[in-house]
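Step one of this worksheet: look at the structure below.
Every number in this text was worked out from the coordinates using simple rules, so none of it is lab data. Bear in mind that the values here come from a model prediction, so they are computed numbers and not experimental data. Cβ sites come from the backbone with ideal geometry, for glycine too, and all protein chains shown count toward neighbours.
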Amino acid sequence: MRLIVLRSRKARGISSAKSDYLQKLDTRYANRVIGNLKGEDRFCTVCYPECILCRRPYGRRLGKHIAAVVNFPAVLPYLLEKPSDYLPRGLPPHEVIIAIQIQEQVLLEILKECRSWGTRGVIVPLEGPRWVSPATMKEAHRICEENRVEISFPKPFCSFHPPPGSLLSQFRAEFHIGSPEVELTVGDGRITRAHVHVSSPCGATYYVARWLVGRVLEPELRFEVISKRLHSYPCTASMEWDDEIGDTVLHLAGRIHNQILEPFEESLAEEDQGLIITPMGMMLPRPIPVQENLKNIENATQAILRKLEGRKWIWLHELRSSQEASPAAINSALIILRREGQIEMASGKVTKASKQ
């Protein structure tokens with residue numbers, strides 16, 4: 001199978017200054033994808049000086065399957081008078097196109113013509129919330145359906161997992177990029193091998209897998225290895241909030257890589273009692289359910305009133321050191337009782353409120 005990559009690329013002499021009329025298109029991510037596909041030994045240098053050339057044993061040097069890399073200007077007006085002027089004049093034989101942040105009008109023109117070039121599938125990765133608008137995606141699906149061209153808009157590219165039997169599914173298998181698929185071998189509770197069948201297109205999965213080997217299978221792997229390594233790679237997905245997914249694209253990429261551990265979810269869950277992973281990948285205590293928290297405050301309220309029965313006052317520190325309720329519940333109960341006028345607090349003492 002042959003592939004063509006369309007990318008935006010910086011060019012000399014074109015202003016990149018901020019303007020309400022000019023759109024600055026991303027160029028970093030395309031370089032990552034191309035570098036990963038070519039499988040160059042020094043494509044990734046993040047492990048330096050601990051590099052073990054983790055990609056080399058796979059022998060996945062797929063540069064020979066890239067029929068062409070077509071460059072488009074990285075700075076263009078938001079509205080083009082004749083977007084067709086930017087179309088390439090003829091392309092070598094291929095089956096799939098990856099279009100990485102191409103100006104939207106130009107992208108639609110490409111989709112109208114690509115069937116005549118022999119294209120059978122198109123992938124348009126979305127590494128940021130505004131890479132392609134919903135209206136453009138809708139029109140792109142209509143054009144491709146009419147022209148019998150498969151199209152996918154994975155957000156992010158490491159979520160790419162087309163339906164079985166499709167051309168794009170065949171592409172994922174042959175090029176080993178898309179939703180990460182890592183086979184873990186575990187012995188005596190420790191990961192002894194991590195074989196990458198499919199990597200994220202930017203290549204981060206190889207890096208994550210390399211650091212999983214030798215680690216004890218435990219919940220902290222999500223933060224200590226997957227989250228930390230993905231951030232230090234670094235993942236090039238956007239940290240800008242995305243309303244469609246209710247999070248940042250970078251955080252979604254992190255959750256996608258956490259699926260590497262799914263086959264061992266039961267054993268991880270047994271050790272993970274009371275812990276949750278945050279969108280930033282940190283392991284924190286699981287919050288107390290609201291109803292349970294309200295019940296704890298009510299119990300603390302009754303405990304305070306019981307201690308005041310038959311007494312004029314009680315020390316505040318005595319209440320807070322009580323074994324009947326947590327300090328947090330005691331503090332909340334004190335605020336409620338004071339607001340209701342049932343107690344008074346002064347000089348470190350809690351007293352019953354004087355009757356009016």
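Computed from the Cα positions only, the extents of the chain along the three principal axes stand at 94, 56, 39 Å, in decreasing order.
Taking Cα atoms only, the orientation of helix 28-38 departs from the longest principal axis of the chain by about 60 degrees.
The C-alpha radius of gyration of segment 3-175, expressed as a fraction of 2.2 N^0.38 Å, stands at 1.08. So what's the net charge close to GLN302: Lys and Arg +1, Asp and Glu -1, counting the other residues with Cβ under 14 Å from its Cβ? Here the charged neighbours net out to -1. Counting only alpha carbon atoms, the long axis of helix 290-308 and the longest principal axis of the chain meet at about 20°. Peptides 235-243, 344-352, 247-255, ordered by how many other C-beta atoms sit within 10 Å of their residues on average, highest first, read 247-255, 235-243, 344-352. Per residue, the average separation of C-alpha pairs within less than 8 Å and at least 6 apart gives the chain a relative contact order of 12 percent. For the chain, the mean residue ellipticity at 222 nm estimated from helices alone is -9500 deg cm²/dmol, where every DSSP H run of n ≥ 4 contributes -39500 (n - 2.57) and the total is divided by all residues, rounded to the nearest 500.
Considering only beta bridges that DSSP places wholly inside the chain, some 55 percent are antiparallel.
Take every DSSP beta bridge with both residues inside segment 1-112 and express the antiparallel ones as a percent of the total, to the nearest 5.
About 20 percent, rounded to the nearest 5.
Taking a point 7 Å out from the Cα of ARG190 in the direction of its Cβ, the residues of segment 208-238 whose backbone N falls within less than 14 Å of it are 212-218.
Here each label is just a point 7 Å from Cα along the line to Cβ, and for CYS47 and SER354 those points are 7.6 nm apart. For the chain, the longest principal axis of the C-alpha atoms and the axis of helix 249-258 are separated by about 80°.
Please check: in the Gaussian network model of the chain (C-alpha springs, under 10 Å), which one of ARG32, ARG61, ARG339 has the largest mean-square fluctuation. Result: ARG339 has the largest fluctuation of those listed.
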